[in-house]
Amino acid sequence: AVRFASGQVLRAHIVGTAPNYDLAVIRVDNPRSLPPPIAIGASDDLKVGQLVFAIGNPFGLDQTLTTGIISALKRRLPTSGGREITNVIQTDAAINPGNSGGPLLDSAGRVIGVTTAILSPSGTNAGIGFAIPIDSVNRVVPELIRRGSVPTPGIGIVAASEAAATRAGAQGVVIVRTTPGSSAERAGLRGIDPRSGKVGDVIVGVNGKTVRGLADLIQELERVGVGKNVTLTVQRDGREVPVEVEVTDIGRRG
């Protein structure tokens with residue numbers, strides 16, 4: 001059931017879920033009247049330090065508004081399915097249990113993200129909250145409405161953290177290993193040698209665009225879509241080589 005601010009409670013059912021993006025769509029049954037839709041913003045031009053507002057129901061306290069700034073962009077957030085959400089917005093606006101699924105707004109009142117998680121040893125606000133960027137939401141939600149699920153574009157690699165890549169002196173996505181049977185494996189991409197620890201392939205570009213981290217790569221894979229090919233620029237043995245790889249739905253893998 002869904003309870004509106006007016007106190008009206010209506011039955012609802014799930015239209016679709018996207019666990020790899022921590023998003024879902026529900027449909028309200030026979031509403032007498034719908035609340036006005038909230039304005040939608042964009043997340044591709046957000047800046048660190050920008051003022052933001054979070055609305056939610058922390059600890060059951062309805063319609064709570066908190067404020068803060070964007071602390072960082074393009075964070076990586078692990079999901080319960082063992083994957084990562086990329087391009088996540090980090091904010092210091094107070095986010096507590098009950099905020100998840102609420103809007104993150106810019107100073108004009110437009111939605112720029114959907115709050116999803118906090119990083120805290122105690123489970124309560126510690127000044128580190130996260131939100132799914134609205135550009136990702138705008139791509140995922142129509143698919144959920146049409147199909148009930150959404151593909152997860154990928155090539156089947158496990159990437160090193162950006163901190164580990166920096167320590168290794170690499171600028172780009174360091175491939176730790178490829179997933180068995182994946183398009184990355186079929187294309188001959190190389191991971192870190194498990195015996196010597198030698199770095200294999202480092203992805204530094206995709207379709208002519210610079211790749212500084214995993215978020216850059218995934219953003220282009222999502223733009224291209226499942227079933228299409230991308231051309232990676234890979235640093236291998238001291239030189240750059242092009243590698244063509246198919247984008248597949250890695251969400252279908254176990």
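Since every read-out is calculated from the coordinates, none of them should be taken as a lab result. Bear in mind the structure is a predicted one, so any value in this text is a computation, not a measurement. Cβ coordinates were reconstructed from backbone atoms using ideal geometry, including for glycine residues, and neighbour counts include every protein chain displayed.
Rounding to the nearest 20 debye, state how big the charge dipole of the chain is about its Cα centre with +1 on each Lys and Arg Cβ and -1 on each Asp and Glu Cβ.
Values: 27 positive and 22 negative charges, 76 e Å.
The dipole of the chain has a size of about 360 debye.
By how many nm would the segment from Asn30 to Asp62 grow when fully extended, if each residue of separation counts as 0.36 nm and the alpha-carbon distance is taken off?
Values: separation 32, 0.36 × 32 = 11.52 nm, distance 2.35 nm.
Contour length minus Cα-Cα distance gives 9.2 nm.
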*Could you sort 153-162, 174-183, 38-47 so that the peptide with the highest average Cβ count within 10 Å comes first and the rest follow in order?*
153-162, 174-183, 38-47
*Taking θ as phi - 60°, what are the ³J(HN,Hα) couplings along the stretch 174-185 by the Karplus curve (6.51, -1.76, 1.60), each to the nearest whole Hz, with x for Gly and Pro?*
7, 7, 7, 6, 9, 6, x, x, 7, 5, 5, 5
*Order by protection proxy (mean Cβ within 10 Å, highest first), peptides 163-171, 87-95, 208-216*: 87-95, 208-216, 163-171
*asked:* Rounded to whole Å, give me the distance from the Cα center of the stretch 224-254 to that of the stretch 12-91.
replied: 29
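Which whole-number percentage describes the relative contact order of the chain, with Cα contacts under 8 Å and a sequence gap of 6 or more?
Values: 570 pairs, mean separation 36.0, N = 254.
Rounded, it is 14 percent for the chain.
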*asked:* Students often check this: by mean Cβ neighbours within 10 Å, which of 98-107, 135-144 ranks highest, and how do the rest follow?
replied: 98-107, 135-144
*Based on the Cβ-Cβ distance of Arg76 and Arg147, what FRET efficiency does E = 1/(1 + (r/R0)^6) give at R0 = 30 Å, to the nearest 0.05?*
0.70
*Taking the Cα centre of the stretch 1-88 as origin and charging only Cβ (+1 Lys, Arg; -1 Asp, Glu), how large is the dipole, in debye to the nearest 20?*
100
